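Down below is the structure, laid out as structure tokens.
Rule-based calculations on the coordinates, nothing more; no lab input. As the structure is a prediction and not an experimental result, all values here were calculated from the model. Cβ: placed from backbone, ideal geometry, glycine included. Neighbour counts: every protein chain shown.
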Amino acid sequence: MSLNNLSNRLLDIGRQEDALIAIQEALGLYRALATERPAAYNAHLAMSLNNMSNCSSDLGRREDALTAMQESLNLRRALAAERPAAFNADLAMSLNNMSNRLSDFGRQEDALTAIRDALSLYRALAAERPAAYNAHLAMSLNNISLRLSDLGSQEDALTAIQEALGLYRTLATERPAAFNANLAGSLSDMSDDLADLGKQEEALTAIREALDVGRQEEALTVMEEALSLNGEIENC
């Protein structure tokens, strides 16, 4: 687990090559453990494969990223089939990531199928525990909007991004430092969809708001850095 976490931290600070080395080591260990005790370690193996896929994707290694994500997805499907309450969230995340991997290869129909499955799971999870899963639901709505747009379904793409935007507005109101970037991104995506539909004035309004939110995000970052230098907060 420590190697997995190390890989994630390295990825957070842009050290992709080092992150890949760490996750490869973790993956080797979990493969050996899962071979001996699959019931105990398949979940950890699936997590490492998911992270391996993300690292590989960041480095432009699309084939490796897709292969790792497919293996992770297969494991998580099996785990969720046996214990849905414990593993449906993990399955949804792998489906979301698989959609991104497939889209990287231009397989937009397959990517749409994967994100639809993820969205269905996140809707159910968010209905039961909105505080825990509304952010994931918003993310999957944003991603399905992108996939629909890629396939030329602009009206459906707009509907999805509007729902995502509603969720991100609420999340950003409660926790602006955590969600303003997502809010700005969704506003930008909505502007693109509106422009594609010929709604130029609405598109302009949306992108202006995205820029305003982006400026707020920059201001919050500067404030956090200043407070950190003064020793007033522990973690930025």
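In region 118-168, what count of residues is obtained for those that are part of a helix (DSSP H, G or I) and either of a type outside the set (Gly, Ala, Ser) or in contact with a strand residue (DSSP E or B) (Cβ under 7 Å, 6 or more places away or on another chain) (or both)?
So the answer is 31.
Name the pairs whose Cβ atoms lie under 6 Å apart, with the first residue in region 139-156 and closer than 14 Å to Gln108 by Cα, the second in a helix (DSSP H, G or I) and of a type in the set (Gly, Ala, Ser), and 6 or more positions between them or separate chains?
Qualifying pairs under 6 Å: Ile144/Ala160; Ser145/Ala157; Ser145/Ala160; Arg147/Ala111; Leu148/Ala157; Ser149/Ala157.
Of all residues in region 120-140, how many are more than 11 Å from the chain's Cα centre (by Cα) and either crowded, with 22+ Cβ neighbours inside 10 Å or within 21 Å of Thr67 (Cβ to Cβ) (or both)?
Within region 120-140, the subset more than 11 Å from the chain's Cα centre (by Cα) is 120-134.
Now drop any that are not either crowded, with 22+ Cβ neighbours inside 10 Å or within 21 Å of Thr67 (Cβ to Cβ) (or both), which leaves 121-122.
Number satisfying all stated conditions: 2.
Looking at (1) more than 16 Å from Ala114 (Cβ to Cβ); (2) part of a helix (DSSP H, G or I), can you tell me which one Gly60 breaks?
(2)
Please verify whether region 109-121 includes one or more residues that are in contact (Cβ under 8 Å) with a residue 40 or more places away in the chain and of a type outside the set (Phe, Trp, Tyr).
So the first thing to find is which residues in region 109-121 are in contact (Cβ under 8 Å) with a residue 40 or more places away in the chain, and the list is 109.
Subset that is of a type outside the set (Phe, Trp, Tyr): 109.
Yes - at least one qualifying residue is present in region 109-121.
Which one of Leu66, Leu102 is in a helix (DSSP H, G or I), surrounded by fewer than 23 Cβ atoms within 10 Å (Cβ to Cβ), free of Cβ contacts under 8 Å to residues at least 40 places away in the same chain and under 15 Å from the mean Cα position of the chain (by Cα)? So that I can check it myself, show each step before the final result.
Details: Leu66 fails: under 15 Å from the mean Cα position of the chain (by Cα).
Step by step, each of Leu66, Leu102 is checked, and only Leu102 is in a helix (DSSP H, G or I), surrounded by fewer than 23 Cβ atoms within 10 Å (Cβ to Cβ), free of Cβ contacts under 8 Å to residues at least 40 places away in the same chain and under 15 Å from the mean Cα position of the chain (by Cα).
Taking into account only those residues within region 1-40 that are among the polar types (S, T, N, Q) and in contact with a helix residue (DSSP H, G or I) (Cβ under 6 Å, 6 or more places away or on another chain), which is surrounded by the most Cβ atoms within 10 Å (Cβ to Cβ)?
If we filter region 1-40 for residues that are among the polar types (S, T, N, Q), which is where we start, we get 2, 4-5, 7-8, 16, 24, 35.
From the residues that got through so far, the ones that are in contact with a helix residue (DSSP H, G or I) (Cβ under 6 Å, 6 or more places away or on another chain) too are 4, 7, 16.
Working: Asn4: 21, Ser7: 27, Gln16: 19.
The selected residue is Ser7.
Filter region 174-200 for residues that are aliphatic (A, V, I, L, M) and in a helix (DSSP H, G or I) and give the result.
Ala177, Ala178, Ala181, Leu183, Ala184, Leu187, Met190, Leu194, Ala195 - these are the residues of region 174-200 that are aliphatic (A, V, I, L, M) and in a helix (DSSP H, G or I).
For region 176-197, check the following and say yes or no: at least one residue is of a type outside the set (Ser, Thr, Tyr) and out of contact with any helix residue (DSSP H, G or I) (no Cβ under 9 Å at 6 or more places or on another chain). Break it down stepwise before answering.
We begin by selecting, within region 176-197, every residue of a type outside the set (Ser, Thr, Tyr); these are 176-185, 187, 189-190, 192-197.
Add one more test, that the residue is out of contact with any helix residue (DSSP H, G or I) (no Cβ under 9 Å at 6 or more places or on another chain), and what stays is none.
Checked region 176-197: no residue is of a type outside the set (Ser, Thr, Tyr) and out of contact with any helix residue (DSSP H, G or I) (no Cβ under 9 Å at 6 or more places or on another chain).
Those residues that are among the basic types (Lys, Arg) and more than 18 Å from Arg61 (Cα to Cα), I need them from region 95-125; list them, please.
Of the residues in region 95-125, the ones among the basic types (Lys, Arg) are 101, 107, 116, 123.
Once the filter is applied, which keeps residues that are among the basic types (Lys, Arg) and more than 18 Å from Arg61 (Cα to Cα), region 95-125 yields Arg116, Arg123.
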